[in-house]
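Each reported figure results from applying straightforward, stated rules to the coordinates on display, with no laboratory input. Predicted model only: the values in this text are computed from it and were never measured. Cβ atoms come from the backbone with ideal geometry, glycine included; neighbour counts cover every protein chain shown.
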Amino acid sequence: MNIETLLSELFPLGHSVTNIDSILTGYGTTNKGEIAVLGTTDHLAVGVEAALALATSALGVIKNDPGRPILLLVDTQGQRLSLQDELLGINGYLAHLAKCLELARQREHQLICLVYAEAVSGGFLSFGMMADEIHSLPEAKVRVMNLPAMARITKLPLEQLEELSRTSPCFAPGVENFIKLGGINTIWQQPLAERLVEVIGMKLDEDQRRHNGFVRQGRKLAFTVAQRVKAG
Amino acid sequence: MSDLSGISRGHSYYEANARQRIAHLLDPGSFQEVLGPAERLTSPHLEPLGQPCSFDDGIIIGTGSLNGLQVLVASQEGGFMGGAVGEVHGAKLTGLLERAVNERPAAVLLLLESGGVRLHEANAGLIAISEVIRALLATRVAGVPVLGLIGGAYGCFGGMGIVARCCDALIINEEGRLGLSGPDVIETTMGVEEFDSSDRALVWRTLGGKHRYLLGEVQCLVEDDIDAFHTAVIKTINTVQPLSLESLEQEHSSLTRRLADYGQCQDGADIWGEMGIDDPQKLPLMDIQSFMVTVADKGQGKL
Amino acid sequence: MEHLQFEFKGSANRKGCQKTTLVGVVSSGNLEVMLENSELQGLCRINVSTSSQGFGEIWQAVLNDFAARYDLSNLQISINDGGATPAVVCLRLDQALENYLEASS
């Protein structure tokens, strides 16, 4: 779904979201009030400028609009792969973005993420994955890496990975797999404006993902292992 | 639970394995492992792929003391799958960070050595790293400092490179490397003209400890010696800042300035020249002491 | 992956410690060896998981030699192997036992 259609379906009452260099910022109107919108489009490869721009917007909402819910719209092919980004310390820029979103959470902003196109590793990790809850459109593509590249790097035969993908949600790309593992809460079906309004105001304090992964039987160990360590 | 063999001539952090680092860093005999290897909490995802597992899944966690201060500690084993994070590995780290919120130790020490997500269980690994980031920041918000130590052969990359920069402070040796996408990943994807991963000097000018220190990405640059890391931990533990709007705005302007000042630079040495360092080409060859003298009052300041 | 199990009858019931000992790292050409005190009716049991298939006889030879040298009993030895040579296996077993006996004294 393209970004214009998405925004009009999420906000039939109107929105002021702008797209500058594939960075989305603004507000949308719902029948539960205004919600701040931050996001990326055009499968953006997130580099240092983009991370900084998103962080600027996040800090702006924290300062100017205390407690306002924030919708994170995700469409990224991952981090930008370049020597220059590494030279400037892109991991620090992405960590800064993650910290700004954590601060928003601490200051009672509800963080809702919607993956509407692509969500890949670094760009997803420091942004959408920081949300209290992560939802996705059915046609979204979520992955760490595609299977052929994975086969090349792990030196495992592609056929073996494809075979195992049928039984394990662990490495093959796909929204369904991330749902089983607890990494995505739900798939949003039409009408999207209603889905959004349903979750606004349902603030979650704890990271629910490993519990969901346990209940859904896709990630059986993470929950119990972390609980055992925590308990001492 | 210590494997002290294999270390000669002082205690090189770079040469030591994950268990040896803990044994030498903490007060002797103080380390108590949590969910140690006898629990056999191995990854269930490796056997079907014909990969050997490890009894601790490549991360050792537990409690101990450092100079009498109670600490929680985690140490990633780079030798096992490059320290990569899978489901169990990540959950041990997340659980430790959450435990810190209850126990309130003087600090959590993360001995980081990792290529990031373990591809053999990629989706679970990515989610696990995200859980680590949330738990780490929650620990800081609760007022428990989290310090990262970097200095092993595998560096600290991928999602763990982001985790590192979520810590209150980082301590690195010259051999340590910190980044997001490793040189080989960039070369494989974008071509050798973008990043020649076989050019070791280039790799270190881009990702190595000295450059990270000059940029203000890490707070302490130390000799490759576990005692030096020990001293730096003690020095750093009381200097940390809480995660606040003020501290993040400070970081924001520092990162904005860095991009404006060095955004056009093509090489680490160009950046060092811009910082006002004479003969920047000489920095990689200097020992830590003369390096510190040369760069005093230079660089971007600490974040 | 191949899983092998070996058992040796020993007479020297070396005083086992409650602590577990682990040495080595599972990396290419290396292995981890874990020693645990265990009530095994005088046996020393060795479980090996290895990524290199078809080396059962070599393991048997290396472990026969180890068992004969130390005459161990009531000891569980567990090995995760990343394709180590027999020399490296011997070295790690010796290291593990040395640490184990040190920890129990």
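Where does each of B:108-116, B:36-44 land if you order them by average Cβ count within 10 Å, highest first? List each step's numbers first, then the result.
Details: B:108-116: 28.2, B:36-44: 19.1.
Per-residue mean Cβ counts within 10 Å order the peptides as B:108-116, B:36-44.
If a helix is a whole DSSP H run, which ones in chain A reach 15 Å or further along their own axis (Cα) and hold a mean Kyte-Doolittle hydropathy of at least -0.5? Intermediate values should be presented prior to the final figure.
Numbers: long enough: A:48-64 (24 Å, 1.21); A:90-106 (24 Å, 0.22); A:220-231 (18 Å, 0.33).
Passing helices, by number: A:48-64, A:90-106, A:220-231.
In peptide B:69-78, what is the residue-averaged number of other protein chain Cβ atoms found within 10 Å of each Cβ? Walk me through the numbers before you get to the answer.
Numbers: counts 0, 0, 0, 1, 0, 1, 0, 0, 4, 2.
The shielding value for this peptide is 1.
Once the principal axes of the Cα atoms of the stretch B:170-218 are found, what is the range along each, listed largest first in whole angstroms?
Result, largest extent first: 31, 18, 14 Å.
Using the Cα centre of chain B as the reference point, and only Cβ charges (+1 on K/R, -1 on D/E), how large is the resulting charge dipole? Debye, rounded to the nearest 20.
Values: 22 positive and 40 negative charges, 140 e Å.
In debye, rounded to 20, chain B gives about 680.
Could you compute the net charge surrounding B:G273? Neighbours are other residues with a C-beta less than 13 Å from the C-beta of B:G273; K and R count +1, D and E count -1.
On the way: positive: B:R205, B:K282, B:K298; negative: B:D261, B:D267, B:D270, B:E274, B:D278, B:D279.
Here the count lands on -3.
What percentages make up the Cα-Cα pair-distance distribution of the stretch B:23-84 when the bins are 10 Å wide from 0?
22, 44, 25, 9, 1
Rounded to the nearest 0.05, what FRET efficiency do B:R257 and A:R228 give with R0 = 45 Å and r taken as the Cβ-Cβ distance? Could you check?
Numbers: r = 45 Å, r/R0 = 0.99.
The computed FRET efficiency comes out at 0.50.
Can you give the helix-only mean residue ellipticity at 222 nm for the protein assembly as shown, where every DSSP H stretch with n ≥ 4 adds -39500 (n - 2.57) and the sum goes over all residues, rounded to the nearest 500 deg cm²/dmol?
Numbers: 24 runs with 256 residues, N = 640.
The helix-only estimate for the protein assembly as shown comes to -12000 deg cm²/dmol at 222 nm.
When averaged across all projection directions, what area in nm² does the alpha-carbon convex hull of the stretch A:119-172 cover? Each step should come with its number before you reach the end.
Values: hull surface 17.9 nm².
It is 4.5 nm².
Using alpha-carbon pairs under 8 Å, 6+ residues apart, how would you state the relative contact order of chain B in percent? All intermediate terms of the calculation are to be shown ahead of the outcome.
On the way: 573 pairs, mean separation 42.9, N = 303.
Reported relative contact order: 14 percent.
Past the 48 angstrom mark, what percentage of all C-alpha to C-alpha distances in the protein assembly as shown do you count? Kindly include the intermediate steps, with their values, before the conclusion.
Numbers: 28148 of 204480 pairs.
Percentage above 48 Å: 14.
Below 8 Å, C-alpha to C-alpha, sequence gap of six or more: please give me the relative contact order for the stretch B:48-118 in percent. Could you put the intermediate results ahead of the total?
On the way: 106 pairs, mean separation 26.3, N = 71.
Relative contact order, the stretch B:48-118: 37 percent.
What translational diffusion coefficient, in µm²/s and rounded to a whole number, does the Stokes-Einstein relation yield for the stretch B:130-259 at 20 °C and a viscosity of 1.002 mPa s, taking the hydrodynamic radius as the Kirkwood radius over Cα pairs? Mind showing how you got there, number by number?
Values: Rh = 15.7 Å.
The estimated diffusion coefficient comes to 137 µm²/s.
Just checking the output field for A:105-118: average partner chain Cβ neighbours within 10 Å of each residue's Cβ? Walk me through the intermediate numbers first.
Values: counts 4, 6, 1, 0, 0, 0, 0, 0, 0, 0, 0, 0, 0, 0.
If you average over the peptide's residues, the count of other-chain Cβ atoms is 1.
In whole percent, what relative contact order does chain A give with Cα contacts below 8 Å and a gap of six or more residues? Spell out each step's value before the answer.
Numbers: 418 pairs, mean separation 35.8, N = 232.
The value is 15 percent.
Using label points projected 7 Å from each Cα along Cα→Cβ, tell me how many nm separate B:T294 and A:E9, to one decimal.
For the pair B:T294/A:E9, the computed spacing is 5.8 nm.
With +1 on each Lys and Arg Cβ and -1 on each Asp and Glu Cβ, how big is the dipole of the stretch B:193-259 about its Cα centre, in debye rounded to the nearest 20?
Values: 7 positive and 12 negative charges, 45 e Å.
The dipole of the stretch B:193-259 has a size of about 220 debye.
Which value, in debye to the nearest 20, describes the size of the charge dipole of the stretch A:25-122 about its Cα centre when Lys and Arg Cβ atoms bear +1, Asp and Glu Cβ atoms bear -1, and nothing else is charged?
Numbers: 7 positive and 10 negative charges, 76 e Å.
Dipole magnitude for the stretch A:25-122 comes out near 360 debye.
Kirkwood Rh over Cα pairs of chain A into Stokes-Einstein at 25 °C, 0.890 mPa s: D in µm²/s? Show your work: numbers first, answer last.
Numbers: Rh = 18.4 Å.
Answer, rounded: 133 µm²/s.
Using 0.36 nm per residue of separation minus the Cα-Cα distance, give me the extension gain between A:M1 and A:T167 in nm, one decimal.
Details: separation 166, 0.36 × 166 = 59.76 nm, distance 2.94 nm.
Length difference between fully extended and current span is 56.8 nm.
7 Å from Cα along Cα→Cβ at both C:Q5 and A:K203: what's the point-to-point distance in nm?
5.6 nm
Counting pairs of Cα atoms in the stretch A:87-199, how many percent are more than 21 Å apart?
Values: 3019 of 6328 pairs.
When every Cα pair of the stretch A:87-199 is considered, 48 percent fall beyond 21 Å.
Assuming R0 = 22 Å, can you tell me the calculated FRET efficiency for the pair B:N238 and B:N102, based on Cβ-Cβ distance, to the nearest 0.05? Don't skip to the end; give the middle numbers.
Numbers: r = 22 Å, r/R0 = 1.00.
FRET efficiency, B:N238 to B:N102: 0.50.
Can you give the longest run of chain A that contains no GluC sites (Glu not before Pro) sitting in a DSSP loop with at most 13 other Cβ atoms inside 10 Å? Don't skip to the end; give the middle numbers.
Details: sites that count: A:E108, A:E139, A:E206.
Longest site-free region, per DSSP loop and neighbour criteria: A:1-107.
Pairwise over distinct Cα atoms, reciprocal of the mean inverse distance: report the Kirkwood radius of chain C in Å, one decimal place.
13.5 Å
If packing is taken as the average number of other Cβ atoms within 10 Å across a peptide's residues, how do B:240-252, B:149-161, C:88-100, B:205-217 rank, most packed first?
Numbers: B:240-252: 16.2, B:149-161: 28.2, C:88-100: 19.8, B:205-217: 24.1.
Descending packing order for the listed peptides: B:149-161, B:205-217, C:88-100, B:240-252.
What is the helix-to-structure angle for C:86-104, meaning the angle in degrees between its Cα long axis and the longest Cα principal axis of chain C, kept from 0 to 90 and rounded to the nearest 10?
30 degrees
Quick one: work out Rg over Rh on the C-alpha atoms of chain B, Rh as Kirkwood radius. Can you show the working numbers first?
On the way: Rg = 18.8 Å, Rh = 19.7 Å.
When Rh is taken as the Kirkwood radius, the ratio is 0.95.
For the stretch B:154-195, state the semi-axes of the equivalent ellipsoid (square roots of 5 times the eigenvalues of the alpha-carbon gyration tensor), sorted largest first and rounded to whole angstrom.
Values: eigenvalues 106, 27, 9 Å².
Values for the stretch B:154-195, descending: 23, 12, 7 Å.
Could you work out how far helix B:122-141 tilts from the main Cα principal axis of chain B, as a 0 to 90 degree angle to the nearest 10?
The helix B:122-141 is inclined about 80 degrees to chain B.
Arrange B:I271, B:I162 by Cβ neighbour counts within 10 Å, fewest through most, would you? Walk me through the intermediate numbers first.
Numbers: B:I271 25, B:I162 29.
Lowest count first: B:I271, B:I162.
Need one value for B:186-195: mean number of C-beta atoms belonging to other chains within 10 Å of its residues' C-beta atoms. Numbers along the way, then the final one.
Values: counts 6, 2, 4, 4, 4, 0, 0, 1, 4, 5.
Rounded to a whole number, the mean comes out at 3.
Taking the Cα atoms only, what angle lies between the long axis of helix C:56-70 and the longest principal axis of chain C, rounded to 10 degrees?
The angle comes out near 30 degrees.
Beyond 26 Å, what percent of the Cα pairs of the stretch B:1-147 remain? Before the final figure, lay out each step's value.
On the way: 2411 of 10731 pairs.
When all Cα pairs of the stretch B:1-147 are counted, 22 percent exceed 26 Å.
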